[in-house]
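The values are calculated or read from the model by the stated rules, or taken from the named source; none is laboratory data. The model shown is predicted, which means the values in this text are computed figures rather than measured ones. Cβ placement follows ideal geometry from the backbone for every residue including glycine, while neighbour counts extend to all protein chains displayed. What goes into the accessible areas is simple: the full protein's heavy atoms, side chains included, and nothing from ligands, DNA or RNA. Shrake-Rupley method; radii C 1.70, N 1.55, O 1.52, S 1.80 Å.
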Amino acid sequence: PSLVDRLCLDQAKCHDGLSLLAPFSNLVSLSIQDAGISSLETLPPLENLNTLKLSDNKIRGGLESLVGSPELEKLYLAGNQIPSFEALQPLGKLSKLAWLDLEGNPVTKLEGYSAHIFEMLPNLLVLDGKDRDGEELEENEDDDEDEDDDEEGD
C-alpha cells in the first residue's frame with residue numbers, strides 16, 4: 001500500500017472506517033465520494049495528500065482530522081451536510097488549500113457565504129468553481145499524464 005499514490009473508493013460504502021487507509025501513507029489523491037461517510041474522525045494523517053474528494057457523503061463537521069494532511073490543495077465536500085462556518089474553521093490550518101467545493105451544503109445558503117469563506121481561508125483561490133470575484137473557472141483534471149503540456153517552452 002505504501003507504493004500507491006492514487007486511490008478511488010467512490011461508492012465503496014466505507015461509512016466511517018477510514019482508519020484502514022493508514023497503510024496508504026504516500027497517497028497524493030484520494031476519492032471517497034458517495035460512500036456513506038458521516039465523520040472524518042478516523043481519517044489517518046496522510047501527509048502527502050494534495051487532492052481529497054469527499055462529495056455526496058453525510059459529513060456535518062469533524063474536519064479537524066484534515067489537518068493531518070498539510071499538503072492538501074484541493075478539497076471536494078459538495079453534497080454533504082456542513083451547516084455552519086464554525087464547522088469549516090479547521091480548514092484555516094491548511095495553508096496550501098487553494099480549491100474548495102462546498103456546493104449543496106447548508107452553509108452555502110448563509111448570508112455572505114462566499115465572502116466569509118474567502119476571509120476565513122485567505123490562501124483560497126477557488127470556491128465552488130469560482131474565484132474571489134465570482135468568475136467561473138474551469139478545473140484541470142488531476143491526471144498528471146498531460147502535466148508537461150502546461151510547461152511548453154520550458
**Message:** Spelling out what I want: for every residue of segment 56-72, take phi, set θ = phi - 60°, compute 6.51 cos²θ - 1.76 cosθ + 1.60 (Karplus), and round to whole Hz; glycine and proline get x.
**Reply:** 6, 10, 10, 6, 10, x, x, 7, 4, 5, 5, 4, x, 10, x, 8, 4
**Mean separation of Cα contacts under 8 Å, 6 or more apart, over the residue count of segment 1-151: relative contact order %** = 15
**Request:** Within segment 64-78, find all residues whose amide N lies under 11 Å from a label point positioned 7 Å from the Cα of THR108 along Cα-to-beta-carbon.
**Result:** 77-78
**Item:** Positive-pole candidate from ASN26, PRO83, LEU9, dipole of the chain, charges at beta carbon
**Value:** PRO83
**Prompt:** Which peptide among 91-98, 63-70, 118-125 comes first, and what is the full order, when sorted by highest mean count of other Cβ atoms within 10 Å?
**Reply:** 63-70, 91-98, 118-125
**Request:** Give me the number: length gained by fully extending LEU20 to MET120, i.e. 0.36 nm times residue separation minus the C-alpha to C-alpha distance, one decimal in nm.
**Result:** 32.8 nm
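For the ranges 28-39, 2-13, what's the packing order if you count other beta-carbon atoms within 10 Å of each residue, average per peptide, and put the highest first? Write out the running numbers ahead of the final one.
Values: 28-39: 18.7, 2-13: 12.7.
Sorting 28-39, 2-13 by mean packing, highest first, produces 28-39, 2-13.
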**Asked** Nearest 0.05, what FRET efficiency do SER84 and LEU3 give at R0 = 35 Å with Cβ-Cβ as r?
**Response** 0.35
**Message:** Using a 7 Å offset from the Cα along the Cα-to-Cβ direction at both SER95 and ARG60, what is the distance between the two label points in nm, to one decimal?
**Reply:** 3.4
**Request:** Quickly estimate the mean residue ellipticity at 222 nm for the chain, helices only: each DSSP H run with n ≥ 4 gives -39500 (n - 2.57), and the total goes over all residues, rounded to 500.
**Result:** -1500 deg cm²/dmol
**Asked** Quick one: Karplus J couplings for segment 40-49, per residue in order, coefficients 6.51, -1.76, 1.60, θ = phi - 60°, nearest Hz, x for Gly and Pro?
**Response** 9, 3, 8, 5, x, x, 10, 5, 9, 5
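What is the antiparallel percent of DSSP beta bridges lying wholly in the chain, to the nearest 5? Can you show the working numbers first?
Working: 2 of 16 bridges.
Roughly 10 percent of the DSSP beta bridges within the chain come out antiparallel.
Where the accessible area of segment 1-145 is counted over protein heavy atoms with a 1.4 Å probe, how much of it, in %, is carbon and sulfur? Write out the running numbers ahead of the final one.
Numbers: 3630 of 7590 Å².
The C+S portion of the solvent-accessible surface of segment 1-145 is 48 percent.
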